[in-house]
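One structure is given here, and the rest of the page talks about it.
The values are calculated or read from the model by the stated rules, or taken from the named source; none is laboratory data. As the structure is a prediction and not an experimental result, all values here were calculated from the model. Cβ coordinates were reconstructed from backbone atoms using ideal geometry, including for glycine residues, and neighbour counts include every protein chain displayed. Accessible surface is based on the protein model in full, side chains and every heavy atom, while ligands, DNA and RNA are left aside. Shrake-Rupley method; radii C 1.70, N 1.55, O 1.52, S 1.80 Å.
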Amino acid sequence: MTDRSLIERIRKLKQLTTARGCSEAEAMAAAGKVAALMKQAGLTDAMVDAEQCGSYSATGGRSVRRAVWNAIAHYTNTALITARCIGERGCIPTFVGYGGGPEVADYLRVVCDRAIEREIRQFKAGTFYRRRRSRKTRRVAVHEFTIGLCSRIIDKLADLFADQVSEDISRSAIALRDDLYTDTRTVSIAARADRYSEAVAAGALAGGRVRLSHGVNGEQAPKQIAGGAS
């Protein structure tokens, strides 16, 4: 993984230009330093200009809801990477990309996770869950409910963002992520138990109640992302 402090240093040096009030000598010296640092670290302009945004999730990376995170990455033209939190159950899903996509993706991930947690709590308070007698059958019921819930949320993401998907930008984001995070491995999503169709249906119904928008930080107006239709 590339040192983020180095990238931030390079970005600040790139801002030392004559247009920003620097002398020609200062701007040339800064440009030379930028070139040297990028060459030494093996960085490209795309890697320096990349955006990253992520925040803590109490859920691990193998959860069913990772399918939602993957869908968010796809529909915001970003690439997903998750880092485990040492000594904690959760992880930090981080979205990598360009043009505001990572910020929108992280916003959506937080909104979706909160909605999933809320709907699961309501499901656990219901009759179907309480009628399961063992810890194992209750766990399976929640798993199946979550599958139906996440599937419906993914459908909503498609409705909201399908016209903003750019395969070229998505591929660039994936390549960028792989360049920035070299020591990674693929994470598999928990398999479906396929036992309680009623729980799956209840999850899909709950997913219909989840409200999503393009907004970030409470904004209702759409926020443009790289590749999005204007």
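Helix content alone sets the calculated 222 nm mean residue ellipticity of the chain: runs of n ≥ 4 DSSP H residues at -39500 (n - 2.57) each, divided across all residues, give -17500 deg cm²/dmol. Around residue 117, what is the net charge, scoring Lys/Arg as +1 and Asp/Glu as -1 over all other residues with Cβ under 13 Å from its Cβ? Spelling it out: positives minus negatives among the neighbours equals +4.
Peptides 17-23, 32-38 ranked from most to least packed, by the mean per-residue count of other Cβ atoms within 10 Å: 32-38, 17-23. The alpha carbon centroids of the stretch 61-77 and the stretch 115-187 are separated by 6 Å. The peptide list 66-78, 124-136, put in order of mean Cβ contacts within 10 Å with the highest first, becomes 66-78, 124-136. Estimated at the nearest 10 Å², the accessible area of residue 64 is 20 Å² with a 1.4 Å probe. Sequence-ordered 3J(HN,Hα) estimates for the stretch 27-36 from the Karplus curve with 6.51, -1.76 and 1.60 and θ = phi - 60° stand at 5, 5, 5, 5, 5, x, 5, 4, 4, 5 Hz, glycine and proline given as x. Couplings for the stretch 140-149, taken from phi via the Karplus curve 6.51 cos²θ - 1.76 cosθ + 1.60 with θ = phi - 60°, read 5, 4, 5, 4, 5, 4, 5, 4, x, 5 Hz in order; Gly and Pro are left as x. On the chain, 50 percent of the accessible area sits on carbon and sulfur atoms, based on a 1.4 Å probe. Using Rg and Dmax of the Cα atoms in Å as the read-out, say which of (1) 21.2, 76; (2) 21.9, 70; (3) 19.0, 61 was calculated from these coordinates. Correct label, based on the coordinates given: (1). Amide H contacts for residue 83 (H built 1.01 Å from N in the peptide plane; partners 5 or more residues away or on another chain; cut-off under 5 Å): 92, 94.
Taking every alpha-carbon pair under 8 Å whose residues sit at least 6 apart, the stretch 71-126 reaches a relative contact order of 28 percent. Its relative contact order, with pairs defined as Cα atoms under 8 Å and 6+ residues apart, puts the chain at 25 percent. Shape descriptor for the stretch 54-155: Rg over Rh equals 1.02 (Cα atoms; Rh from the Kirkwood inverse mean 1/r). Each other residue within a Cβ distance under 10 Å of residue 80 adds +1 if Lys or Arg and -1 if Asp or Glu, for a net charge of +3.
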